[in-house]
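K.L.:
Let me begin by handing over the structure; questions about it come next.
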Amino acid sequence: MITSVSIDKNEILKFYKPIAVDTHKGIQGHALLIGGSYGKIGAVCLSSKAALKTGCGLVTVFIPKCGYEILQIAIPEVMVLTDAKKRCISNISFDFQPNAIGIGPGIGQHELTQKAFLKFLKTNTTPLVIDADALNILSQNKAWFLLLQSGSILTPHPKELERLIGKWTSEEEKFEKTISFSLQYNVIIVMKGAPTHIIDGETIYKNTTGNPALATAGSGDVLTGIITSLLAQGHEPIQAAILGVYLHGLTADIAVSKTGIQSFIASDIIDHLGEAFLSLE
Ligand SMILES: NC(=O)C1=CN([C@@H]2O[C@H](COP(=O)(O)OP(=O)(O)OC[C@H]3O[C@@H](n4cnc5c(N)ncnc54)[C@H](OP(=O)(O)O)[C@@H]3O)[C@@H](O)[C@H]2O)[C@@H](O)CC1
Ligand SMILES: Nc1ncnc2c1ncn2[C@@H]1O[C@H](COP(=O)(O)OP(=O)(O)O)[C@@H](O)[C@H]1O
Ligand SMILES: [Mg+2]
């Protein structure tokens, strides 16, 4: 039976907990963001900064070599691991145990990157957020759906969703197909849009925050960082998805009276995360 839930402040406060006073960065969660390719390193800059500003203790990125200096200069708080290749990711490897991984922003769809993603999917056991070109790679290789770890969070925009599940002819059919996908592979699907819906099996969560200011480049990359950070901090996948989508939209609602819709950019989401959190205290 289909259940519908509205994501509002009451729903968030059912599970939202402020940070413990005696916490430290070592137990506050370590997020790993994997992505970037030549010309799209900015996507990982946005995701990783958003992850830090959402409260996890440590953030590491895995990017192609060409992004090393860009990342280190743009966000000194983030640690950087690089692939052997300059322009795209060809072999994902890291020497620590992250608490959550976000993969896809700016990663591209190079053949080498596709192979690296397949190897990663076969071995990964860490809670996972899959976005952007990692979703597009999956859509090109539908047999890999079976490798999706249960509880993974997929964050497609409408075009990425269509590539994953195929075309629909009505809103009703879109939801039916997305629910079937979620049930079949036991994954959570964040159907980004205006508004965003989150599908967890037969439960549909509808977000109540956000506005057209979010229709700007990199806004989804920021969402990936936010959700990955919440996962790394120990939230259940569905809670990380709900809280992440709510906070992401709330930043735009808070900011828009200052920035206007036109001048709001993805970095403004990151800059207003603090005020969004404060509104929950
Ligand atoms: N600074 C950076 O480094 C940035 C890097 N980025 C990275 O670039 C990579 C490619 O990602 P991408 O999403 O731009 O390309 P793609 O998957 O072809 O989708 C575009 C097409 O989808 C559609 N569409 C989208 N939204 C829709 C909506 N709400 N409602 C309806 N339709 C919608 C629309 O299709 P149309 O309507 O035109 O047919 C549009 O043309 C990816 O790795 C990403 O992380 C970007 O994040 C930008 C900043
Ligand atoms: N008109 C809108 N109203 C509310 N939210 C929107 C609107 N347009 C886009 N968004 C949100 O902005 C984000 C866009 O994500 P995405 O298309 O992946 O961006 P990018 O790939 O450029 O980072 C999604 O979270 C989506 O819900
Ligand atoms: Mg995107």
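The values are calculated or read from the model by the stated rules, or taken from the named source; none is laboratory data. On a predicted model such as this, the values are computed, not experimentally measured, just so you know. Glycine gets a Cβ as well: all are built from the backbone with ideal geometry, and neighbour counts include every protein chain shown. Accessible surface is based on the protein model in full, side chains and every heavy atom, while ligands, DNA and RNA are left aside. Shrake-Rupley method; radii C 1.70, N 1.55, O 1.52, S 1.80 Å.
K.L.:
Working carefully through the options 66, 56, find the one that is in a helix (DSSP H, G or I), at pLDDT 95 or above, crowded, with 18+ Cβ neighbours inside 10 Å and not hydroxyl-bearing (Ser, Thr, Tyr).
P.N.:
Checking each option against the conditions leaves just 66.
K.L.:
May I pose another question? Would you pick out the residues in the range 172-197 that are within 19 Å of residue 145 (Cβ to Cβ) and either acidic (Asp, Glu) or not in a helix (DSSP H, G or I) (or both)?
P.N.:
176, 186, 187, 188, 189, 190, 191
K.L.:
If you don't mind, another one. Which numbered condition trips up residue 80, out of (1) aliphatic (A, V, I, L, M); (2) open to solvent by less than 40 Å² (accessible area, probe 1.4 Å); (3) over 23 Å from residue 223 (Cβ atoms)?
P.N.:
(3)
K.L.:
Scan the range 32-44 and give yes if some residue there is of a type in the set (Ser, Thr, Tyr), within 15 Å of residue 231 (Cα to Cα) and part of a loop (DSSP other than H, G, I, E, B), otherwise no.
P.N.:
Looking through the range 32-44, none of the residues is of a type in the set (Ser, Thr, Tyr), within 15 Å of residue 231 (Cα to Cα) and part of a loop (DSSP other than H, G, I, E, B).
K.L.:
Under 6 Å between Cβ atoms, which residue pairs at least 6 apart in sequence (or on different chains) link something in the range 233-262 that is within 17 Å of residue 214 (Cβ to Cβ) and touching a residue at least 40 places away in the same chain (Cβ under 8 Å) with a partner that is open to solvent by less than 30 Å² (accessible area, probe 1.4 Å) and among the polar types (S, T, N, Q)?
P.N.:
Pairs found: 245/196; 245/207; 246/209; 249/207; 249/209; 250/209; 253/209.
K.L.:
Keeping to the range 93-127, report how many residues are assigned to a strand (DSSP E or B) and within 16 Å of ligand 3 (Cβ to nearest atom).
P.N.:
Residues that pass the stated criteria total 2.
K.L.:
Sticking with this one: Identify all residues within the range 202-259 that are within 16 Å of ligand 3 (Cβ to nearest atom), in a loop (DSSP other than H, G, I, E, B) and open to solvent by 20 Å² or more (accessible area, probe 1.4 Å); write none if there are none.
P.N.:
Across the range 202-259, the qualifying residues are 210, 215, 216, 217.
K.L.:
Only one residue in 113, 169, 123 is surrounded by 21 or more Cβ atoms within 10 Å (Cβ to Cβ) and more than 15 Å from the chain's Cα centre (by Cα), so which one is that?
P.N.:
Just a single option satisfies the conditions, and that option is 113.
K.L.:
Additional query: Of the conditions (1) open to solvent by less than 70 Å² (accessible area, probe 1.4 Å); (2) out of contact with any Leu (no Cβ under 7 Å at 6 or more places or on another chain), residue 90 clears all except one; give me its number.
P.N.:
(2)
K.L.:
OK, next. Inspect all residues belonging to the range 214-233 and state whether any of them is more than 19 Å from residue 47 (Cβ to Cβ) and either in contact with a Ser or Thr (Cβ under 8 Å, 6 or more places away or on another chain) or modelled with pLDDT of 95 or more (or both).
P.N.:
Scanning the range 214-233 turns up no residue that is more than 19 Å from residue 47 (Cβ to Cβ) and either in contact with a Ser or Thr (Cβ under 8 Å, 6 or more places away or on another chain) or modelled with pLDDT of 95 or more (or both).
K.L.:
Restricting attention to the range 147-174, report how many residues are of a type outside the set (D, E, K, R), farther than 22 Å from residue 216 by Cβ and free of Cβ contacts under 8 Å to residues at least 60 places away in the same chain.
P.N.:
10
K.L.:
Sort out which residues of the range 12-40 are among the β-branched types (Val, Ile, Thr), more than 16 Å from the chain's Cα centre (by Cα) and buried (at least 17 other Cβ atoms within 10 Å of the Cβ), and write them in order of number.
P.N.:
Listed by number, the list holds a single entry, 12.
K.L.:
Within the range 46-67, can one find any residue that is of a type outside the set (Ser, Thr, Tyr) and over 18 Å from residue 102 (Cα atoms)?
P.N.:
Yes: the range 46-67 contains one or more residues that are of a type outside the set (Ser, Thr, Tyr) and over 18 Å from residue 102 (Cα atoms).
K.L.:
Using beta carbons and a limit of 7 Å, which pairs, at least six apart or on different chains, have the first residue in the range 202-224 and more than 17 Å from residue 246 (Cβ to Cβ) and the second one away from ligand 3 (no atom under 16 Å from the Cβ) and assigned to a strand (DSSP E or B)?
P.N.:
202/3
K.L.:
Just give me the residues in the range 188-201 being buried (at least 22 other Cβ atoms within 10 Å of the Cβ) and within 9 Å of ligand 1 (Cβ to nearest atom), in sequence order.
P.N.:
Residue satisfying the conditions is 192 alone.
K.L.:
Is the range 148-171 home to any residue that is more than 16 Å from ligand 1 (Cβ to nearest atom), part of a helix (DSSP H, G or I) and either touching a helix residue (DSSP H, G or I) at 6+ places or on another chain (Cβ under 9 Å) or modelled with pLDDT of 95 or more (or both)?
P.N.:
Scanning the range 148-171 turns up no residue that is more than 16 Å from ligand 1 (Cβ to nearest atom), part of a helix (DSSP H, G or I) and either touching a helix residue (DSSP H, G or I) at 6+ places or on another chain (Cβ under 9 Å) or modelled with pLDDT of 95 or more (or both).
K.L.:
Mind telling me which of the residues 230, 223 ends up being in contact with a Gly (Cβ under 7 Å, 6 or more places away or on another chain) and within 6 Å of ligand 2 (Cβ to nearest atom)?
P.N.:
223
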